[in-house]
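Below: one structure, written as structure tokens.
The values are calculated or read from the model by the stated rules, or taken from the named source; none is laboratory data. All of these numbers come straight from a predicted model, not from anything done at the bench. FYI the Cβ positions are ideal-geometry reconstructions off the backbone, even for glycines, and counts take in every protein chain you see. Note: areas computed on protein heavy atoms with side chains; ligands, DNA, RNA excluded. Shrake-Rupley method; radii C 1.70, N 1.55, O 1.52, S 1.80 Å.
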Amino acid sequence: MNYESLMGMIEHFGYAALFFALWLGIVGMPIPDEVIVMTGGAVAASGILQTVPAFILTYLGVISGLSLGYVIGRYVGTPAISKLRRKKKMDYYIGVSERLISKYGSMSLVISYFFPIVRHVVPYLVGMNKMPFWRYSLISYPIGFVWTLAFFALGGFVGDQAQFVGSMIYAYGVKLLIIIPFAALALWLFYRFVLANRPKRVE
């Protein structure tokens, strides 16, 4: 499904199109979540859909898709991750998600929302780790509301540029995931071999 197909779905199915496009994001829809949410805001601002119902269905689509990942991870577990690993470049994103969870625990759910792909992988992993659903929803749903509101509002602001802006945000988010480990390594090397070995001042 491409962007034109998404717009066609919205014209034919209205609010439900936003929900299902996001809910199916868990199986790897070709349109980034950022673009779908911003498109929801854009069509609401243009009057094609009413703002409140469009936002509610968009938000429900976001949290339902990620919750499905949690449920699959919890009750299917390793086979689900093994299937994910067979997809192109997924090993890297699974590794990033595992390191996030190892370092930040439950708060990885908050952090992951702002990184494409990892946003979908972390719920799988916390489900596999048997995080209680009440804790998952208590953390994931409020930050999901904030994330959805931000992109929905941005979509209303940029209007018919929603596809371009959303795609740019997605692309830079993916690049940031690649840059961060190298930046962290560079900082560590700088500290290890430059700052740590700098002669101490004699008082």
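A search for C-beta distances below 9 Å between a residue of region 41-54 that is touching a residue at least 24 places away in the same chain (Cβ under 8 Å) and under 16 Å from residue 151 (Cβ atoms) and any residue that is hydrophobic (A, V, I, L, M, F, W, C) and surrounded by fewer than 12 Cβ atoms within 10 Å (Cβ to Cβ), counting only pairs 6+ apart in sequence or on different chains, returns 44/52. Restricting attention to region 82-104 and to residues that are more than 17 Å from the chain's Cα centre (by Cα) and in a helix (DSSP H, G or I), the residue that is nearest to residue 129 (Cα to Cα) turns out to be 102. For region 46-81, a residue qualifies if it is assigned to a helix (DSSP H, G or I), modelled with pLDDT of 85 or more and hydrophobic (A, V, I, L, M, F, W, C), and the qualifying residues are 52, 54, 55, 56, 57, 60, 62, 63, 66, 68, 71, 72.
Taking region 94-135 as the range and being open to solvent by 60 Å² or more (accessible area, probe 1.4 Å) and of a type in the set (Gly, Ala, Ser) as the test, only 102 passes.
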